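Encoded as structure tokens, the structure appears first; notes follow it.
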Amino acid sequence: MRLFLYSLFVVSCLSLLLWTRPTAAVAAAESPLPGATSGGDAASTPMPKQCRLGKTSTQILGWRWKPGTRVRIYYLKNNFSEAEKEAFSRAINNWNKALKEIDSRVVFMIDGEREGAVETDGSITVLRGIPKGKDQVGQLRFFSLSNGVMYATMIISPDVTDLNALTSLMTHEIGHSLGLADCYECKRGTTAMAAFKGSNKGNDVYEPSECDKYVVAAGFANETGAQARVVLTEQK
């Protein structure tokens, strides 16, 4: 039995009914992100003009992988087809590209199938299951041990079978692991953290938006002082 095991939090990720969820806080576009400090590049870089907190951009959560973590992603054996795993890979590769741009020093690595959930440091096990909570299609659960080991389990609803929806869902769930909060009121197509329209109708986002990259970079900058930077191109 593992001692001192506790769950940091459980993120229930995507709602099928956007209007049944809590309203996200909205701030002015020029306002700094919550918790931002003046020490890091990301914190001192203005938010891109197209980002509106609670409308086209989400906010920072308090938990994320440590800078420099090489996160290994495993699939529970026989849970996903090769086409489904390829759909996930699309999202993972897009996040890796974004993380390289902002110098987060976090990398996601696909490491094959496993017979059971992996509980090693810096790991995510992806599996089919029923997410906790009504109308949820995905869930990311984080765990931490007293010795500093952190890992996660990603639960994907059996109802999500469309390949584009799976890419969208993986993009969303990885965003949670990097400190991005849900944005139930955000317009679909603007942020990876917007809600699903239905089980097989994603949020029309298959890679992190400029706003998503900004928020992730700001979160890492807050944690390390000056570790993350933002080099973003404004969307017209």
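A few remarks follow.
- Toward the positive end of the charge dipole of the range 100-191, with +1 on the Cβ of Lys and Arg and -1 on the Cβ of Asp and Glu, the farthest Cα among 158, 107, 122 is that of 158.
- For the range 129-202, the equivalent ellipsoid built from the Cα gyration tensor has semi-axes of 23, 15, 10 Å, listed from largest to smallest.
- The range 174-227 and the range 82-116: distance between their alpha carbon centers, rounded to Å: 15
- In terms of distances greater than 28 angstrom between alpha carbons, the cross-link table entries 66/134; 85/132; 77/187; 66/97; 66/132 yield 66/134; 77/187.
- Rg ratio for the range 79-216: its Cα radius of gyration over 2.2 N^0.38 Å, N being its residue count, equals 1.00.
Any read-out appearing in this document is the output of simple, stated calculations on the displayed coordinates, not a laboratory observation. Only a predicted model underlies this, so the values are computations on that prediction, with no experimental measurement involved. We place every Cβ from the backbone using ideal geometry, glycine too, and count neighbours over all the protein chains shown.
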